[in-house]
Structure formats: structure tokens, C-alpha cells
Amino acid sequence: MKKIINIFAGIVFFVLMQSFTCEEPCQIHEPMIYKYIAITTDNLDNNKEYQIVSETNIIYSKAYGIRLTLYTDIHDSVLGYKKDYCYDFSADDSIRVIKIFTLNDFDSEHPKDSEISEFFRFLDYSEVPEFASNVNRRSVRTYLPIKDYSEIIKQESKTFIRKKIEDDFLLFKSPQNLQNHQFRIDIEFYKGRILSGTTPIVNFIE
């Protein structure tokens, strides 16, 4: 009797797993055009097991990053489940390039308003399993040049887009002056539009 119950339980479990993992083919492909409408930037503290937005804006110079939050005009109704529908997402205007500027003298070769994108790396999680823990994510994450960001986000957004997209950029070179720093991110689009965001003032410590 116990063996029969175990077999039955196994069959029920298998059926349930199939219902969660099997994707039904789309009957209708509906085009969905979205637009990037705004960005915000926050100071990131990368001194812990995983990076967090700083509450104090006092951060070790070798553990600094910027969290970019990119907002779209996708409506809530699109994000819900709609049986037999697949949306073909495409941006009204794609990102051409992202640039990071220092609003203070960074070093002798990079005075105020210089572009310092080369000192930052985009934190790419695209190869990390969806349900990996923060510790595991830290060990397998990769750091990419900022120039790769626009292509990665373009590929990801073809199949899935959110109202709010968060990405992290880590600084790999410490400034000479540690006090009262701000950075600005400019996102330039192919049609000429620019979205800009400025970080809160950050004070670095060593």
C-alpha cells in the first residue's frame, strides 16, 4: 500500500512540474513598442557579500559603484499573464552609447567634466542561474567594458522588458582626491535623445 501511495505521489509531482516548466506555443504575436523615459543613479557600496545602495554615501574607494535605474513606459497590463499571447518587444529608440563623467577633478589627467567610462565595468549577470544566491552570484559574475552594455540590454529586451531596469557599474580606479565626488551618467540614443542622471555626493575612504 505504501509503495502504491509513493508511486501515485510521484506521478502527481511529475504532472505538476510539467505544468510549471512547459511553455505553451504562442498563438498570437503582438508587437509591443516601448520607450525609455527616465533614469536615476545611486551610489553603490560593493564592500559586502553583494553590492547595496549606500545609505551614508561614505564608501571605500576600492568598493564604489553606480546603480543605474532605467525606466520604461511599459504599462502594467502588459506585464501580466495573457494566455496564448507573446509580445514582440522593441524599443522606440535603441541605446547607442552610455558614458560616465566625473563632476570633480578625478586625477591630474581627468579634471572636472572628463569622461571616465574606461574606469568603470558593467556587472553582467546574464550567465548566472536565475535562483542563485547572492554569494554564488558574486563568484560567477563577470565584468564587461561599458561599451558592451547597449548591445546586451538590446538583446535582453527583445524577449522581456520591465518598467524598471537596474544595472550596476563598478569603479576600478580610485580618484586622487577622496572627498565630495559626484558622477553623471549619460545615455545617448540613436535618434539623438539623451537621458542623464547624477549621483549623490560620495566621500571615499581608504
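Throughout, read-outs are computed from the coordinates displayed, never taken from laboratory work. What you see is a predicted model, and the numbers here were worked out from it, not measured in a lab. Backbone-built Cβ (ideal geometry, glycine too); neighbour counts: all protein chains shown.
As an exercise, use a Förster radius of 35 Å and the Cβ-Cβ distance of TYR71 and GLU206 to find the FRET efficiency, rounded to the nearest 0.05.
FRET efficiency, TYR71 to GLU206: 0.50.
Between ILE37 and PHE172, with labels modelled 7 Å along Cα→Cβ, what's the label distance in nm to one decimal, could you check?
3.6
What is the set of long-range amide H partners of LEU44 at a cut-off below 5 Å, with H atoms built 1.01 Å from backbone N?
SER54, GLY65, ILE66, ARG67
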